[in-house]
Each structure stands twice: as C-alpha cells, then as structure tokens.
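Engineer: One structure, pasted below without further comment.
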Amino acid sequence: VTLNLGGDSQTSSEIFGSFGKTLGLSALAIVVVLVLLFRSLIDPIVVALSLPLALVGAMLALLMTQSDFGMISLIGFVFLLGLTNKNAILIVDYINQLRQEGLERSEAILKAGPIRLRPIMMTTVSTILGMAPIALGLGAGSELRSPMAVAIAGGLITSTLLSLVVVPVVYTILDDLKPKRRNSLT
C-alpha cells in the first residue's frame, strides 16, 4: 500500500519544507553578519539564542487566536527574526561598551538592562501597535495578512519579555567560558 499526497497536502508539505530552509538561511545570515560586526563568536551566539524565544511566542499567539498557520504567518516568522535580534543586540552591545569603559561584567549587565529597557520597550510597543489593525482584521483583504501580524506581535511580546532576562544570563554563562580558554592557551 502506498500513500501519495496531492493537492493541498502536497502544497503544504512543499511550503513547510522550503520554509525550514528559508528560516535556517535567515538565522545563518544573521549570525554571520553579527560575527563580522562583533568580531567575536560568543556575542552572536548570545544574540542567536534569543531567536527561539520569538518563535515560541509567535506559535502561541497563532494558537490562542486560532489563526491560520500558513505561508503568510511563515513570512511573519522570518520578519520576526530580524526584529527579535534588535533587542538582544541592544543589550549585548551596551554591555560590551560599559565593559570597555572599565565596568565589571555584573555591574555592566545590571546597568545595561534598565538603560536599554526604554528603547527596547518603545520599539516593541510601536511595532505591536502598528500590527494591531492588521491583526484585528481591519480593512480590505486583512484576513490574508492577519496571521502574519498575529505571529509578529506574539513573537515580539515573548521575545521582549524573555530576552530581558535570558540574554544577560546567557551572556554571563558564555562569558565565563572565555577566560578558561585564554588561560589554558597561554
């Protein structure tokens, strides 16, 4: 007995397969650019670990609103990867700036969080409010775009709240690994 899927099932399978490749390439491109910008491998890893926080929120938002999980919401996921990185980059970059000025790691982390909280919240809230009319289905053709807006808004909410905690913790853990490697090489 063989089972051959056709029609919508075959199309869905092809879409999800190509989406996985697109999402992977998007994440890889983000990490490569961050490695070039930070001139380090540790900081981009910290930023990249914030990406799953957004995807979980997007999936939960789609589930709670009973929105369609299709190509349009998948486009929202790719869009969300770029937005999510912004929060982590703001925190990590400012921590690094404070450490270059002479602050200890813990002191820099505790100072960077409250200072970067306001710009992170402002950009997140403005993006979510911008997505609200689309997510609520206002306007012509909004049924098609609504899942994308729901995914973006849900992902932004969870990634913002969780990245304010997870990014400093992961930064601390990975920063603890740096001196061990340097000391063992010298």
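Engineer: Express the accessible area of the chain per residue in Å², computed with a 1.4 Å probe while the remaining protein chains stay in the model.
Structural biologist: On a per-residue basis, the chain sits at 59 Å².
Engineer: Helix 105-135: angle to the longest alpha-carbon principal axis of the chain, degrees 0 to 90, nearest 10?
Structural biologist: It is inclined by approximately 20 degrees.
Engineer: Seen from all sides and averaged, what is the projected area of the convex hull of the Cα atoms in region 33-76, in nm²?
Structural biologist: 3.6 nm²
Engineer: Here's another thing I want to ask about it. Carbon-plus-sulfur fraction of the accessible area of region 1-106, 1.4 Å probe, in percent?
Structural biologist: 65 percent
Engineer: Provide the convex hull volume over Cα atoms per residue for the chain, in Å³.
Structural biologist: 152 Å³
Engineer: Per DSSP H run of at least 4 residues, take -39500 (n - 2.57); add these up for the chain, divide by its residues and hand me the 222 nm value, nearest 500 deg cm²/dmol.
Structural biologist: That comes out to -30500 deg cm²/dmol.
Engineer: What is the helix-to-structure angle for 51-65, meaning the angle in degrees between its Cα long axis and the longest Cα principal axis of the chain, kept from 0 to 90 and rounded to the nearest 10?
Structural biologist: Computed tilt is about 30 degrees.
Engineer: Continuing with this model, one more query. Take the chain, mark every one of the GluC sites (Glu not before Pro) that falls in a DSSP loop and has at most 10 other Cβ within 10 Å, then report the longest stretch left between them, sites excluded.
Structural biologist: 1-100
Engineer: While we're on this one: Relative contact order for the chain using alpha-carbon pairs under 8 Å, separation at least 6, rounded to a whole percent?
Structural biologist: 32 percent.
The values are calculated or read from the model by the stated rules, or taken from the named source; none is laboratory data. Every value quoted in this text rests on a predicted model; they were computed, and no experiment measured them. Backbone-built Cβ (ideal geometry, glycine too); neighbour counts: all protein chains shown. Side chains included, ligands, DNA and RNA excluded: accessible areas come from the protein's heavy atoms. Shrake-Rupley method; radii C 1.70, N 1.55, O 1.52, S 1.80 Å.
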